[in-house]
Amino acid sequence: MSSIRSRGVVAAGHELTAATAADVLRQCGTAFDAAIAALAMSCVCEPILSSPGGGGFATVRDGATGSTQLIDFFPQTPLERRVAADDGVEQIYADFGSATQAFYIGPATVATPGFFHGLRALHARGATHSLIDLFEPAIRAARTGISISPFQHYLTTVVEPIVTNTAGTRRLFAPNGTLLGAGETFQNPGLADALESLALNDVGGPVDLAIVENQADRGHVVAADLQAYEAIERAPLAIKIDGATVHLNPLPAASGTLIAHTLSHLESPDPVDIARALLATSQARRGAQGDLSALASVPLRQRGTTHVSVIDADGTACAVTISNGSGNGEVVDGFGFMLNNILGEEDVNPDGSGGWPTNARLSSMMCPTMIEFSDGGVVALGSGGSNRIRSAICQVVVGLCLSGVDLDAAVIAPRLHVEGEHLDFEDLYDESVRGELVALFADHRAWPERNMFYGGVHGVGMDGAGRFSGRGDSRRDGTAIIVE
């Protein structure tokens with residue numbers, strides 16, 4: 001889709017998330033305003049992926065100056081370990097159809113959330129509407145209810161042991177004893193109260209008090225952790241590709257370093273060469289033995305992620321990726337959202353549930369990305385997808401910067417992912433490419449169609465003539481809207 005007369009463009013993982021941002025752009029809001037409103041709405045309509053109890057990263061570009069900055073508001077480990085190593089942690093299994101996967105949930109898996117700090121940081125950089133006005137669509141939707149999409153229903157079935165773990169989660173996601181189905185109405189007045197309170201109160205308000213109460217006795221997060229948390233601005237990791245500048249998530253996140261390594265080993269945009277480059281990165285990552293500064297910290301995975309991209313008429317752009325892990329299985333009393341379970345991620349705790357470092361910003365595979373082209377065009381994009389985020393973003397960047405295809409074609413192109421010596425690929429390549437891939441990787445798995453396993457790259461663009469484009473990835477129910 002494209003247009004010459006536009007006020008902006010947005011792409012996101014749910015039609016309501018995108019529509020909310022588009023409405024803000026129509027009301028002459030900036031990209032910052034639109035992103036904030038979309039992130040609040042995502043907590044309502046994408047509650048498995050987005051929550052005030054999580055955090056994320058935003059890559060932002062100032063349209064007037066062209067400067068680009070990374071805002072890190074990912075969860076921070078608590079200042080102290082306050083419960084025994086295995087207290088407040090429960091192991092459950094999620095069913096992905098072809099495989100099951102262990103999840104660790106419970107009060108002791110919660111890291112200090114940064115979600116609202118990130119929204120405040122975005123607001124300070126260039127929002128023109130008040131937080132309460134930007135939150136109002138989400139507050140209204142949470143009170144009146146939304147229709148559950150088929151994709152969101154599917155996500156709840158995958159993590160059913162988490163969203164039915166306690167009486168609080170069952171009241172929210174299975175009020176009649178079974179999970180709410182596609183087309184049924186999902187209401188969350190507690191979340192409406194949380195968003196309203198967060199908009200009107202600073203640190204130490206009613207939501208923070210409820211988080212501390214939720215963590216009492218069996219969790220690590222106390223008031224001092226919430227008070228000490230800060231969103232951190234970092235200079236993005238910038239690399240040059242065929243005349244374009246690609247801005248990636250820097251350390252301590254692992255994503256940008258791994259993507260940059262792959263791109264530096266790429267000989268051509270051919271899928272087989274991409275697979276070879278991903279293999280080289282996989283081998284280098286393993287050889288680094290957790291020290292990616294040599295390549296740059298141990299990469300940590302976030303299973304539950306979603307993304308919002310916005311560009312406004314001034315060329316100001318926001319790419320924001322957020323995560324709640326998979327949720328810790330408990331609803332914050334009275335406020336309708338789960339806290340994260342980031343400390344329950346196995347990559348965070350290779351030495352067990354007490355192995356995480358105190359007072360540390362955790363690493364991540366999330367990588368909101370900004371691309372600036374020599375003709376003045378810009379693309380903002382990002383993806384969910386756990387450890388597949390890096391390969392998804394890498395392949396879209398290759399399509400845009402080396403193959404010269406448009407955003408639609410770059411996002412919809414078949415994907416592949418290399419982990420260790422194993423190749424996963426969408427079996428949509430021509431026979432010659434498929435044959436080379438299979439010959440290169442004896443250990444491989446072919447997927448018959450595009451799948452959410454390979455992430456969901458939601459991207460927006462503005463070319464040098466001011467024309468907008470947008471693409472939401474169908475793999476994760478994405479949608480894009482150009483605002484006329």
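Values quoted throughout were computed directly from the atomic coordinates according to the rules given, and no laboratory measurement underlies them. Quick caveat: nothing in here was measured; it's all calculated off a predicted structure. Positions of Cβ are backbone-derived with ideal geometry, glycine not excepted, and every protein chain shown enters the neighbour counts.
Quick notes
- Take each peptide in 373-383, 426-436, count the other Cβ atoms within 10 Å of every residue, and average; sorted highest first, the result is 373-383, 426-436.
- Length-normalised contact order of the range 118-202 in % [C-alpha pairs under 8 Å, at least 6 apart]: 42 percent
- Considering only 440, 391, 403, the residue lying farthest towards the positive end of the dipole of the range 387-484 is 391, judged by Cα position with unit charges set on Cβ.
- When the convex hull of its Cα atoms is projected in every direction, mean area for the range 37-77 (nm²): 3.7 nm²
- For the range 31-101: relative contact order, % (alpha-carbon pairs under 8 angstrom, 6 or more apart): 17 percent
- Packing rank of 124-133, 305-314, where each peptide gets the mean count of other beta carbons within 10 Å, highest leading: 305-314, 124-133
- Calculated mean residue ellipticity at 222 nm for the chain: -9500 deg cm²/dmol, from DSSP H runs with n ≥ 4 weighted as -39500 (n - 2.57), summed, divided by the residue count and rounded to 500.
- Cα convex hull of the chain, projected area averaged across orientations, nm²: 20.1 nm²
- Rounded to the nearest 20 debye, dipole of the chain from Cβ charges on Lys, Arg, Asp, Glu: 320 debye
- With contacts taken as Cα pairs under 8 Å at a separation of at least 6 residues, the range 204-288 carries a relative contact order of 14 percent.
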